[in-house]
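One structure below.
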Amino acid sequence: MSELSVKTVTGGTASVGQTDFDALAGALSGSLMGPDSPGYDEARTLWNAMVDRRPGLIAECATTQDVARSVTFAKDHGLLVSVGGAGHNIAGNAVCDDGFMISLRNMKAVLVDAGGQRATVEPGVTLGELDSATQEYGLALPVGINSTTGIAGLTLGGGFGWLSRKHGLTADNLISAELVTAQGEVLTVSSDENSDLFWGIRGGGGNFGIVTSFEFKLHPLGPEVLSGLIVYPFSEAGAVLRNYREFAAQAPDEVTVWVVMRKAPPLPFLPEEVHGTEVVILAALYAGDMAEGEEAFKDLRAFGNPIADVISPHQFTDFQAAFDPLLTPGERNYWKSHDFLAMSDELLDAAMPFVESLPSDSCEVFFAQMGGATNRVPADATAYRHRDAEYIMNVHGRWHDAGDDERCVAWCRGLFDATTPFATGGVYVNFMTEEEGARVESAYGDSYQRLVALKDKYDPDNFFRFNQNVRPSSSA
């Protein structure tokens, strides 16, 4: 092997020769690779095809000690570091050009304590893998809605989905974690140990260390849940959404209904003439007794003239993966997001023209219903700050050809700008793209200065900087 040139934190390069490479490779239970190594392209490839970066060095870690050794190696050589889990984050912060990628994707263990209703989960685990393990015991963790999302990034940014109104954010269900600091030290963090750091990793992203193990509280659920879709023609959008708004305001915590507006995919329960036309989709789940769910959804399902209503008992694992075909890896993705206190008429009026001019068949706008348990946690209890949000909007731009980048990105930004007057100014950090570093402070609101103080304590040199970065005071 010739010497590898790896980017440093100062913007220069460091040479990693054969001796240093072999020493680190020999110390790892996992593997170490350069650009010419077998498996390099697979290791660096992320879910979002708009991110195409080539690290100078990749450590594929298998243990916590692998992570600690990789951090120490990077510190000793002054290397720029990125940290990758399942590689699903929209901003693509798992990979840095020419730097040192510390990959956790092969750390896949899930240990379920059914009696204690707990799970210990490694950071390379995807939501589908976690759901499969916990549902063996009729237990579940509130997570996101795409089974290929990674548990690590989801948790560190907050994490919400179908069960969050009933059981809170993913981060709200974190009991403890094992974390490697910027100094290569392995810490346990919980409400009793390193409690300041425990506060910070519940929403503060990867700013303070690399989590190598999560311990979560689980909840009884499934294996079947009442869930599914109601699909309406877009011509009924105004009436449907205003009815939905009234329904959501009175819904119990067990009810979660998200609004999705997009062109109808070729789903088997939709008439062929509807495929490719604009529709409004209400995606629903009841986190409780099936008969109670039927009663809870009765008024919602009685409204209007839906094209299809396929709410029925489904395996929870199946519904968790129901949107996977619309979110497959390898497509180009660009997102913009807002938090809202209400779904006002003015907000809906601002958004509707953009749904009528979707730039690709895969672009969509969704409103995630929040509230319930997510809003009852005190605002300062975790780094995730925006407990007042009743809805989170994601403008999800998605397309295939690079030649459509400018047009699709412009559509996303236009919808974002049009709805800004009705937003809180807050934003869910996991929905922020790479370019949105200026929004980090608003993403954390009143938590931001506390996060800076935490960064000053645990990472004053900003070793963990390839993220939605909270900069230490020294580099602010």
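Laid out as a table, the results:
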read-out: Residue in the stretch 53-73 that is touching a Cys at 6+ places or on another chain (Cβ under 7 Å), more than 23 Å from residue 121 (Cα to Cα) and aliphatic (A, V, I, L, M) present; value: no
read-out: Unique residue being crowded, with 17+ Cβ neighbours inside 10 Å, outside the structural domain of residue 167 (by TED's automatic domain parsing) and at pLDDT 95 or above when the list is 357, 337, 344; value: 337
read-out: Which numbered condition residue 274 fails, given (1) more than 28 Å from the chain's Cα centre (by Cα); (2) hydrophobic (A, V, I, L, M, F, W, C); (3) under 30 Å from residue 105 (Cβ atoms); value: (3)
read-out: Residues within the stretch 182-227 that are within 30 Å of residue 259 (Cβ to Cβ) and of a type in the set (Gly, Ala, Ser), tallied; value: 5
read-out: Selected residue (only one of 289, 309 is under 26 Å from residue 147 (Cβ atoms) and free of Cβ contacts under 8 Å to residues at least 40 places away in the same chain); value: 289
read-out: Options 89, 106, 48; residue that is surrounded by fewer than 18 Cβ atoms within 10 Å (Cβ to Cβ), touching a Gly at 6+ places or on another chain (Cβ under 7 Å) and under 25 Å from residue 157 (Cα atoms); value: 106
read-out: Candidate set from the stretch 324-359 (those that are of a type in the set (S, T, N, Q) and in a loop (DSSP other than H, G, I, E, B)); member that is nearest to the chain's Cα centre (by Cα); value: 328
read-out: Members of the stretch 94-116 found to be touching a strand residue (DSSP E or B) at 6+ places or on another chain (Cβ under 6 Å) and in a loop (DSSP other than H, G, I, E, B), listed by number; value: 94, 95, 96, 98, 99, 106
read-out: Any strands (runs of 3 or more DSSP E) falling wholly within the stretch 9-81 and containing at least 2 residues that are β-branched (Val, Ile, Thr); value: 13-16
read-out: Single unsatisfied condition, residue 475 versus (1) of a type in the set (Ser, Thr, Tyr); (2) surrounded by fewer than 20 Cβ atoms within 10 Å (Cβ to Cβ); (3) touching a Leu at 6+ places or on another chain (Cβ under 8 Å); value: (3)
read-out: Conditions (1) in contact (Cβ under 8 Å) with a residue 24 or more places away in the chain; (2) not assigned by TED's automatic domain parsing to the domain that holds residue 151: number failed by residue 249; value: (1)
read-out: Yes/no for residue 409 being under 21 Å from residue 362 (Cα atoms), β-branched (Val, Ile, Thr) and surrounded by 15 or more Cβ atoms within 10 Å (Cβ to Cβ); value: yes
read-out: Lone qualifier among 119, 91, 86 - being touching a residue at least 60 places away in the same chain (Cβ under 8 Å) and outside the structural domain of residue 19 (by TED's automatic domain parsing); value: 119
read-out: So residue 188, is it surrounded by fewer than 20 Cβ atoms within 10 Å (Cβ to Cβ), hydroxyl-bearing (Ser, Thr, Tyr) and under 16 Å from residue 118 (Cβ atoms); value: yes
read-out: Residue list for the stretch 263-310, filter: touching a Gly at 6+ places or on another chain (Cβ under 6 Å) and surrounded by 22 or more Cβ atoms within 10 Å (Cβ to Cβ); value: 286
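The values are calculated or read from the model by the stated rules, or taken from the named source; none is laboratory data. Computed from a prediction, not measured in an experiment: that's the story for all the values here. Because the Cβ atoms are built from the backbone with ideal geometry, glycine has one as well, and the counts that use them run over all protein chains shown.
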